[in-house]
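A quick write-up on the structure given underneath.
Readers should treat all values here as calculations from the given coordinates under stated rules, not as data from a laboratory. Bear in mind that the values here come from a model prediction, so they are computed numbers and not experimental data. In this analysis, Cβ positions are derived from the backbone assuming ideal geometry, glycine residues included, and neighbour counts consider all displayed protein chains.
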Amino acid sequence: MSEFTLKTRLLAALEGKPVDKVPVCAVTQTGIVELMDKVGAAWPEAQTNPELMAKLAIANYELSGLEAVRLPYCLTVLGEAMGCEINMGTKNRQPSVIASPFPKNLDGAAVPADLLQRNRIPAVLEAIKIVREKVGPDVPIIGGMEGPVTLASDLISVKSFMKWSIKKTDLFEQALDISTEAAIAYANAMVEAGADIIAIADPVASPDLMSPDTFRQFLQSRLQKFSASVNSVTVLHICGKVNAILSDMADCGFEGLSVEEKIGSAKEGKEVIGDRARLVGNISSPFTLLPGPIDKIKAEAKTALEGGVDVLAPGCGIAPMTPLENIKAMVAARDEYYA
Ligand SMILES: [Zn+2]
């Protein structure tokens, strides 16, 4: 019998300690329609109701075999609590921000004193407690959320975020600081509720949107502050071809870096980050996990494992229409690799 539980293995793998086998899970969104139907917990209700939120999250551990429970399913919970207007989406579409509270200036912008009581934050904290009670102490819980950079752009709008990063850097930095403070408070509340790992997704920090120079000059220090202030193991996910900032990401203080297939191979990624952080990924969510076939999923998983990936996982959020069989194939590929 293994000396590891699912929790101790995942934490050890993220901390760079020796493990008997590479864990397989998702640090990005896990909700799929097939499981929503199977367990009777569908979006958008499962985005707001703690019982349903927990039920759907547990399904991906119990029925798909992913070795962690990850929740919730969007990047808008904190933004909503900070004043963004949200469209709750549909059964197969995630919630999204449709209006920003501070697009012109930051007059009156601050982290509200009652942040943790606002909107869906109590539901997420309650769902984490329900999951812990149902799965017991040995299954890791991953609390997912938008990162401080993405939150800042949600608060002031993407347009102002781009503009202020060049022309109004004082306001730009102020928005980042408010967001970082809010993100730390929310993350630590999730840890308090029972999350073992906090995984932030920060798509707006991607070189697809912000220049590597801006990342180094303004964004990196906020991400460093976040990882240093959150009382758990942390994972940083940034979408897209992040090669131009991958080395800088490795200096942000997160135990894990979650990347897409767009970086090239896991092997190349490992060479860049060295022992500064662990690599999580990088099975293509839209091009492999969603369409399959099973053989391709297994082949890509094997390449990632041979390349030295520390946690086998989808490269980005799992597409809601992904078949359950395909997620199971990723888990099976890991098992076959060690058989
Ligand atoms: Zn992504």
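Relative contact order (percent) for the chain, with alpha-carbon contacts under 8 angstrom and 6 or more residues of separation?
Values: 714 pairs, mean separation 69.0, N = 339.
Value for the chain: 20 percent.
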Rounded to the nearest 0.05, FRET efficiency between Ile294 and Val158 (Cβ-Cβ, R0 45 Å) equals 0.75
For the stretch 6-338, the dipole about the Cα centre with charges only on Cβ (Lys and Arg +1, Asp and Glu -1), to the nearest 20 debye, works out at 280
Rounded to whole angstrom, the alpha-carbon centroid of the stretch 112-127 lies from that of the stretch 67-98 at a distance of 13
Taking a straight Cα-to-Cα line shorter than 25 Å from Lys163, and setting aside same-chain lysines fewer than 8 residues away, one finds Lys104, Lys225, Lys241
The distance between the Cα centres of the stretch 219-268 and the stretch 1-33, in whole Å, is 18
The exposure ranking of Met321, Met88, fewest beta-carbon neighbours within 10 Å first, is Met321, Met88
With x for Gly and Pro, the residue-by-residue ³J(HN,Hα) of the stretch 171-181, computed from phi through the Karplus equation 6.51 cos²θ - 1.76 cosθ + 1.60 at θ = phi - 60° and given in whole Hz, is 5, 4, 5, 5, 4, 5, 5, 4, 5, 5, 4
Out of Phe254, Phe161, Phe218, a Gaussian network model of the chain with alpha-carbon springs under 10 Å gives the largest mean-square fluctuation to Phe218
Of the convex hull drawn through the C-alpha atoms of the chain, the volume per residue in Å³ is 114
Once Glu126 and Ala228 are pulled to full extension, the length gained, defined as 0.36 nm per residue separation minus their Cα-Cα distance, is 34.2 nm
The orientation-averaged projected area of the Cα convex hull of the stretch 201-339, in nm², is 8.3
Note: the stretch 87-201, point scatterers on Cα, Debye, no solvent; log10 I/I(0) at q = 0.10, 0.18 Å⁻¹ equals -0.36, -0.98
Contact order relative to length for the stretch 253-339, counting C-alpha pairs under 8 Å separated by 6 or more residues, stands in percent at 34
Ranked output for segments 196-202, 167-173 by mean other Cβ atoms within 10 Å, highest leading, reads 196-202, 167-173
Listed by chain and number, the residues whose amide H is under 5 Å from that of Gly144, excluding neighbours fewer than 5 places away on the same chain and using placed H, are Leu71, Ala199
Given backbone amide H placed at 1.01 Å from N, residues whose amide H is under 5 Å from that of Gly89, ignoring those fewer than 5 places away on the same chain, are Ser96
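As an exercise, identify the trypsin sites (Lys or Arg not before Pro) in the stretch 85-144 lying in DSSP coil whose Cβ has no more than 14 other Cβ atoms within 10 Å. List each step's numbers first, then the result.
Values: sites: Lys91, Arg93, Lys104, Arg118, Arg120, Lys129, Arg132, Lys134; in loops: Lys91, Lys104, Arg118, Arg120.
When the trypsin sites (Lys or Arg not before Pro) of the stretch 85-144 are filtered for loop state and at most 14 Cβ neighbours within 10 Å, Lys91, Lys104 remain.
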Farthest towards the positive end of the dipole of the stretch 106-230, among Ser165, Ser221, Ala123 and with Cβ unit charges of +1 on Lys and Arg and -1 on Asp and Glu, lies the Cα of Ser165
Applied in sequence order to the stretch 254-271, the curve 6.51 cos²θ - 1.76 cosθ + 1.60 (Karplus, θ = phi - 60°) yields integer Hz couplings, x standing for Gly and Pro, of 7, 5, x, 10, 9, 10, 8, 5, 5, 6, x, 8, 4, 4, 4, x, 4, 5
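Taking the Cβ of each residue in Val124, Val77, Val19, Val33 as the centre, tally the other Cβ atoms inside 10 Å and list the residues starting with the fewest. Provide the component values of the computation, followed by the final result.
On the way: Val124 28, Val77 25, Val19 20, Val33 17.
Sorted ascending by nearby Cβ count, the order is Val33, Val19, Val77, Val124.
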One quarter of the C-alpha convex hull surface, i.e. the mean projected area of the stretch 148-204 in nm², amounts to 3.7
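Would you tally the net charge around Cys252, using a Cβ to Cβ cut-off of less than 12 Å, leaving Cys252 out, and scoring K and R as +1, D and E as -1? All intermediate terms of the calculation are to be shown ahead of the outcome.
On the way: positive: Arg216, Arg222, Lys225, Arg276; negative: Asp202, Asp248, Asp251, Glu255.
Taking every other residue near Cys252 into account, the sum is 0.
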Counting sequence-distant residues (5 or more places) and residues on other chains, those with an amide H built under 5 Å from that of Arg278 are Gly256, Leu257
Given Cβ charges of +1 for Lys and Arg and -1 for Asp and Glu, the option among Ile198, Gly83, Val111 whose Cα lies farthest towards the positive end of the dipole of the chain is Gly83
